[in-house]
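Let me begin by presenting the structure, written as structure tokens, before commenting on it.
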Amino acid sequence: MIEPQTRRRARSRRIPLLVLGAVVVVLGGFAMAAFGSVLAPHDPYADSLQNTLLSPSSTYWLGTDDAGRDVLSRVLVGARLAVLGPVVVVIVSALIGTLFGLLAGYHGGVVDSVVMRVTDLLSSLPALLVAVVLTGALGGGYAVAVAVTCLLTIAVDMRVVRGAALEVRQKAYVAAAMTLGLGKWRVMFVHILPNVVGLVVANVFLNLAHVLVVLAALSFLGLGIPPGAADWGRMLSENIALLQSQPLAAIAPGAALVLFAVSMNLVGDWVFDTISNRERS
Amino acid sequence: MVKAVVGYAVSRLALMAGLLLVVSFVVFSLTYLAPGDPLDAIAGNFPRTPEVTAALTAQYGLDRPFHEQYLSWLGRAVQLDLGESIMTRQSVLVEITERMGVTLFLSAYAFVLAVALGVPLAVLAATRPRTIWDRLAVTVSVVGVSAPAFVTGLVLLYLFGVRWPVFPIYAAGDGFADRVAHLTLPAVALAFMALGLIVKFTRSSLLTVLDQDYITFARARGVPPRRVLLRYGLRNALVPVITALGLVLIGMLSGSVLIEQTFSLPGVGGRMVEAVTSTDIPMIQGMALLIAATVVLISLLVDLAYFAVSPDLRRRFRS
Amino acid sequence: MTVAIPGSGPDSGRAPVGVQGESLLEVTGLRVGVGSDPTLRPLLRGVDLTVARGEAVGLVGESGSGKSMLARSVVQLLPRGLSMDGSITYQGRELVGARGAALRALRGREISLIFQDPFTMLNPTMTCGDQVVELVRDENGRRLTRERRREEVERRLREVGIRDASVADAYPSELSGGMRQRVGIAAALALDPNLVIADEPSTALDVTTQREILRLLRGLQRSRGMGLILITHDLRLAFSMCDRLAVMYAGAVVEVGDARDVAERPIHPYTMGLISSEPPADRRLVRIGAIPGTAARADEHPEDCAFAPRCAWASSRCGAELPVLTPVEPTRSVACLRVDELTVELERARTQMQNAASVEVEQSAAGQSLVRVRELRKTYGSARRQVVALDGVDIDISAGESVGIVGESGSGKSTLAKCLLGLETADAGSVVLDGVDVSDYARLDRRDLATARRTVQMVFQDPQSTLNPSLSIGAVLAEAVRAGGVRDGVPDRVAALMDQVGLPRTLATRKPRALSGGQRQRVAIARALAVNPKLVVCDEAVSALDVSVQAQILNLLNELRSELGISIVFITHDLAVVRQVTDRVYVMRHGAVVEGGPTADVLDRPSHEYTRLLLSAAPSLSADWLGISEEASA
């Protein structure tokens, strides 16, 4: 039985290099989403029949696609569509999921178990397919896809927060706050929320990566985003046929997607590990 | 013992039947939620004379109340009569079963690959922290969880189909050997995603278990290391592994759709995308029911597996 | 399930070995530390220890003293990331640096380890019988046949006092803690080791079970002639179980000697302090001889005496030189720089300790009734499996009175406390608090609820979870002060509260993480006092603390009570503790009060057999506490 202090000291406090790198990539991704159209060296939608399928050069760093559009510019501009949806989904679901998760965890009882059954069900469904079926059947575009993903993500967030809140609810300091006669909202927001908020943050990053991939997959399948748009998923599916002649046109958006998702997962995992280590000590 | 298993399975099945019922209701409602009137959803662009309209209205009972329509639809669905595809005018059930072969083969191939590679890698990583195995496992789990199957597929397609053409890249192949050859790249891509989850869950679960008192107690009593690892370590780490396998199986549903699209394979997934892009409602309904049934089946298998490995669960159902 | 206490009967695995003195284990200069150099961040700083065949050695120390680390070093099972040097020899074989096969030949066969927590040390997916005999082989080294196996399991379970054969097929989760500990002992002894290391083997168990387990262990040790290292934080327990004692502090042994001798005549000031911190069960002291401050860590004093900052006799030399363990008598070694100079002073201190003033309990005239509990009932669980927590409890507490509630786990004592505080609502019966019926807090109107909340407050057991980790100490107390209706001068009131419970005001800006367990309990007490309550309920408030800190908190509670005139309900399993802080006591069992009365009367002349059982099970300084006569070993 190793004493707690030792365990804490044995672990290094500094942020690993890899995670720092991941943070940089995530920030870079957001910067691309914000300023991609400014940074883009060419017009991402400008067709040019003279410049089709060019290999990478100093003018076209990543070459051009079959319509002669600059691949790099399309990847840079595509970041906005790739990031915007996930950010909206994740923020909305973190807010709603945390609130309802807190309420369920605080109150417990019948309401809690009914709510949990429903979220269990929702979070066991394959998010992508539900989105595919619903966007397909409802004929809607991007908005439907975002709404469906949001609903499923809320379920995930609720489960996580509710579980953590339930655990904190058992702690002596919560009982002490209640015997002091503090109000329900004060107990929830001062004594429970700050001790589960780290988990919410970790989850924001993990969800961000997941939603990013789900929405990209939808547009890869041809749903949500109109054809020809500068969108990573669309570029992938439309440029698969170019693998022989200009592989970068398909691989570059794929690489951007993976790099971004990996980085967000790394950050999320790190936050999660840091919290659980702190709790253990 | 047998009684306990049956009792458990029955209780789970009841829950899942309820779940399927809810899903079926949502699926049926799609006819009404889809843009246009229900007749559009059923008949599509079929040239519509008044006679045809009348015939379809009578056939599907569109003039009857909603709940009656639902019940008769449900009755037909239970008998596996899922209607006709608007696009091809073929039975939905027949189309699905025809295409099922490729999808099942692909998924099974990928699942076997992922388990056969993932579990040993995770065990190596958990027992040798801070070695190359550990790093490899962590990398595989992060990248596997993050990288969507269509990107992995695309990269494999480029590397081993275009750059160094080792594997065939079109069609699904006939006969077992040919099919293995044709489906290897898609299966590897699909397995990579699964590998990430399996390694992540198995490694962390085994690490937690290896930290337990009963492991140290076993070692202190002189239990041989191999037995400590398997009978004390891995055996008690199984529950999260089963969870991961369940997630992987459900993930294969979405994964196979993406992979079939990437590699243009004639599987159920590819058909589903066609159906969705052309708003082929009966086909979509059939697919949705298939997905729901598969999810239910997988959860049942997962629950039975939990039951098999957990003495506590078994005891609770015995009494 | 029936449990029998084994003697040195025919069941024991090996003939008693009478020869003592032959050295079994020798630890010399053992250092363990974090990282690859054991001296950089040390946990053990050069420990020497010997164990002879058939000898029981007690290893005593507070948390962080390194005693568990020593146990793990002996079987070479240190947690990852630690390293060691020095020497550990078992019958002449060097263990430090030994690997693989050589170690496995020793583990279980020669040296075995028993763990503290019976709930975590058995494999949850293996039946108990399998775990007991999985390593046992027949004469030819083959696996046992089915029948032999069955026989062997039953014999081994009988040896640890389990007569119920169905235990063999049970999974650990189906058994009680005491049963699991017995199975664990049987498994640890399966290969008939010559040396057993028991790491707090009874700490996680109830007092009555604790004595049974220790008696079993001591009986087996004697009948098999094994060496035993008993690791414990409980001095009384070590005195009665062991032949020799080693007292550890901050990663080093500070005193070694014969158990009885050390108990009666401690030489190191720390041992002295430990013994006087131990509340006596037979009388109530005015003040328990606590050691000030908190235990030092092993890496805090590399160059001087680690105990000096807490020592009453420390001189300037103690802060400049590292004491080493030196023989002062044939059987006694001490690591104290001033051991020669202190002979007279320690003698005086010992006499003082033995004659410490006890409180003459005056039967105070019953004051105004503050709490009146009648016929209180509470049941947990579903209709299928019910657990009766409270089964018609009657309790009375007067203003200014201190009342103890004593019982083992599952006696309902904590549920009773929760019902007083409104953290649980009873199924039936009534709780009247200062004239207000608070049987159901949910039904109180706003004014009565506020009154009730300011009338009674609680101090919880676990110092780890009693404070919100995200709030500073000052914020915790300010919140509590405001909850009491104070609007102005909150900071002054917070400062006054901190003074009152003996906390330096500088801690107000710190988070709970920076505080020791004792300091956190002080904050918890201050928080309870913030609303000026008439009653404070302390639920096992000192049981998670080290004995020296426990004494500080008990003294504090006594002071606060006489200063503020508040009532205290003190819930505990520890009879010696309840004696120190209460006027009256209720003894609870299975949700019912079995006996109640003035504390001294109940403890000196118990009328209920359960009270007598509890009293006899509580560890005392005498060697025959276990009920094993000394002759048995002769």
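When segment B:258-287 is examined, which residues are found to be within 12 Å of chain A (Cβ to nearest Cβ) and surrounded by fewer than 19 Cβ atoms within 10 Å (Cβ to Cβ)? B:Ser264, B:Glu274, B:Thr277, B:Ser278, listed by residue number.
Scanning for something in contact with a Pro (Cβ under 9 Å, 6 or more places away or on another chain), among the small types (Gly, Ala, Ser) and at the interface with another protein chain (Cβ under 10 Å from one of its Cβ atoms), does segment B:230-245 turn up at least one residue? No: zero hits. Candidates are the residues of segment B:107-118 that are in contact with a helix residue (DSSP H, G or I) (Cβ under 8 Å, 6 or more places away or on another chain) and open to solvent by 40 Å² or more (accessible area, probe 1.4 Å); the one that is farthest from B:Gly144 (Cα to Cα) is B:Tyr109. Considering A:Ala217, A:Ala209, the condition of being touching a Phe, Trp or Tyr at 6+ places or on another chain (Cβ under 7 Å), within 25 Å of A:Val23 (Cα to Cα) and either more than 10 Å from chain B (Cβ to nearest Cβ) or surrounded by 20 or more Cβ atoms within 10 Å (Cβ to Cβ) (or both) is satisfied by A:Ala217 alone. When segment B:129-140 is filtered for residues that are polar (S, T, N, Q) and either open to solvent by 50 Å² or more (accessible area, probe 1.4 Å) or at the interface with chain A (Cβ under 9 Å from one of its Cβ atoms) (or both), only B:Thr139 remains. Scanning segment A:174-206 for residues that are β-branched (Val, Ile, Thr), facing another protein chain (nearest Cβ under 8 Å) and outside any helix (DSSP H, G or I) yields no hits at all. Taking segment C:47-65 as the range and being open to solvent by 20 Å² or more (accessible area, probe 1.4 Å) and over 26 Å from the mean Cα position of the chain (by Cα) as the test, only C:Arg53 passes. Residues considered: B:Ala172, B:Ala126, B:Ala177, B:Ala149. Of these, the only one that is more than 14 Å from every other protein chain (Cβ to nearest Cβ) and surrounded by 14 or more Cβ atoms within 10 Å (Cβ to Cβ) is B:Ala172. If you go through segment A:79-94 one residue at a time, do you hit one that is open to solvent by 30 Å² or more (accessible area, probe 1.4 Å) and either within 14 Å of chain B (Cβ to nearest Cβ) or over 22 Å from A:Val211 (Cα atoms) (or both)? The answer is no, given that none of the residues of segment A:79-94 is open to solvent by 30 Å² or more (accessible area, probe 1.4 Å) and either within 14 Å of chain B (Cβ to nearest Cβ) or over 22 Å from A:Val211 (Cα atoms) (or both). How many of the residues making up segment B:198-229 are more than 10 Å from chain C (Cβ to nearest Cβ), more than 18 Å from C:Arg107 (Cα to Cα) and open to solvent by 40 Å² or more (accessible area, probe 1.4 Å)? Residues meeting the conditions: 6.
Every condition in (1) facing chain B (nearest Cβ under 8 Å); (2) open to solvent by 40 Å² or more (accessible area, probe 1.4 Å); (3) outside any loop (DSSP other than H, G, I, E, B); (4) not hydrophobic (A, V, I, L, M, F, W, C) is met by A:Asp273 except one, and the failing one is (1).
For segment C:300-320, the tally of residues that are open to solvent by 40 Å² or more (accessible area, probe 1.4 Å), assigned to a loop (DSSP other than H, G, I, E, B) and closer than 25 Å to C:Met69 by Cα stands at 3.
Quick one: would you say B:Leu156 is in contact (Cβ under 8 Å) with a residue 60 or more places away in the chain and not in a loop (DSSP other than H, G, I, E, B)? Answer is no for this residue. Restricting C:Arg143, C:Arg163 to residues that are at pLDDT 90 or above, touching a strand residue (DSSP E or B) at 6+ places or on another chain (Cβ under 8 Å) and open to solvent by 10 Å² or more (accessible area, probe 1.4 Å) narrows the list to C:Arg163. In segment C:66-78 there is no residue that is closer than 13 Å to B:Val223 by Cα, more than 8 Å from every other protein chain (Cβ to nearest Cβ) and either under 27 Å from the mean Cα position of the chain (by Cα) or assigned to a helix (DSSP H, G or I) (or both).
Which of the residues that make up segment C:418-445 are of a type outside the set (A, V, I, L, M, F, W, C), within 10 Å of chain A (Cβ to nearest Cβ) and open to solvent by 30 Å² or more (accessible area, probe 1.4 Å)? Within segment C:418-445, C:Lys418 is the sole residue that qualifies.
So for segment C:450-457 (the condition being under 30 Å from A:Arg278 (Cβ atoms), assigned by TED's automatic domain parsing to the domain that holds C:Met588 and not in a loop (DSSP other than H, G, I, E, B)), does at least one residue qualify? Within segment C:450-457, one or more residues are under 30 Å from A:Arg278 (Cβ atoms), assigned by TED's automatic domain parsing to the domain that holds C:Met588 and not in a loop (DSSP other than H, G, I, E, B). Taking (1) in a helix (DSSP H, G or I); (2) away from every other protein chain (no Cβ under 14 Å); (3) surrounded by fewer than 16 Cβ atoms within 10 Å (Cβ to Cβ) in turn, B:Val166 satisfies each apart from (1). Within segment B:288-319, being within 10 Å of chain A (Cβ to nearest Cβ), at pLDDT 90 or above and over 15 Å from B:Ser107 (Cβ atoms) holds for one residue alone: B:Val302. Criterion applied to A:Leu99, A:Leu62 was being more than 14 Å from every other protein chain (Cβ to nearest Cβ) and without any contact (Cβ under 8 Å) to a residue 60 or more places away in the chain, and the one residue passing it is A:Leu99. The residue that is nearest to the other protein chains (Cβ to nearest Cβ), among those in segment C:79-89 that are at pLDDT below 90 and more than 15 Å from B:Phe217 (Cα to Cα), is C:Gly81. So, C:Gln519, is that one among the polar types (S, T, N, Q), open to solvent by 20 Å² or more (accessible area, probe 1.4 Å) and either in contact with an Asp or Glu (Cβ under 7 Å, 6 or more places away or on another chain) or outside the structural domain of C:Val406 (by TED's automatic domain parsing) (or both) or not? Answer is yes for this residue.
For (1) of a type outside the set (S, T, N, Q); (2) over 27 Å from the mean Cα position of the chain (by Cα); (3) over 22 Å from B:Ile215 (Cα atoms); (4) within 14 Å of chain B (Cβ to nearest Cβ), each residue gets a yes or a no:
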| site | (1), (2), (3), (4) |
| --- | --- |
| C:Arg143 | yes, yes, yes, yes |
| C:Arg148 | yes, yes, yes, no |
| C:Val153 | yes, yes, no, no |
| C:Gly161 | yes, no, yes, no |
| C:Ser166 | no, yes, yes, yes |
| C:Ser173 | no, no, no, yes |
| C:Leu191 | yes, yes, no, yes |
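Within segment A:32-41, being closer than 13 Å to A:Val83 by Cβ, open to solvent by less than 40 Å² (accessible area, probe 1.4 Å) and more than 16 Å from the chain's Cα centre (by Cα) holds for one residue alone: A:Gly36. Filtered by the rule that a residue be closer than 27 Å to C:Leu603 by Cα and part of a loop (DSSP other than H, G, I, E, B), segment C:372-428 gives C:Ala399, C:Gly400, C:Glu401, C:Gly407, C:Glu408, C:Ser409, C:Gly410, C:Ser411, C:Gly412. From the list A:Gly224, A:Gly233, the one residue that fits, being more than 7 Å from chain B (Cβ to nearest Cβ), open to solvent by less than 20 Å² (accessible area, probe 1.4 Å) and in contact with a Phe, Trp or Tyr (Cβ under 6 Å, 6 or more places away or on another chain), is A:Gly233.
The values are calculated or read from the model by the stated rules, or taken from the named source; none is laboratory data. In this text the structure is predicted, and so the values were computed from the model without any measurement. Heads up, the Cβs are rebuilt from the backbone with ideal geometry, glycines too, and the neighbour counts pull from every protein chain shown. Ligands, DNA and RNA are stripped out before the accessible areas are found, and what is left, the full protein with its side chains, is counted by its heavy atoms. Shrake-Rupley method; radii C 1.70, N 1.55, O 1.52, S 1.80 Å.
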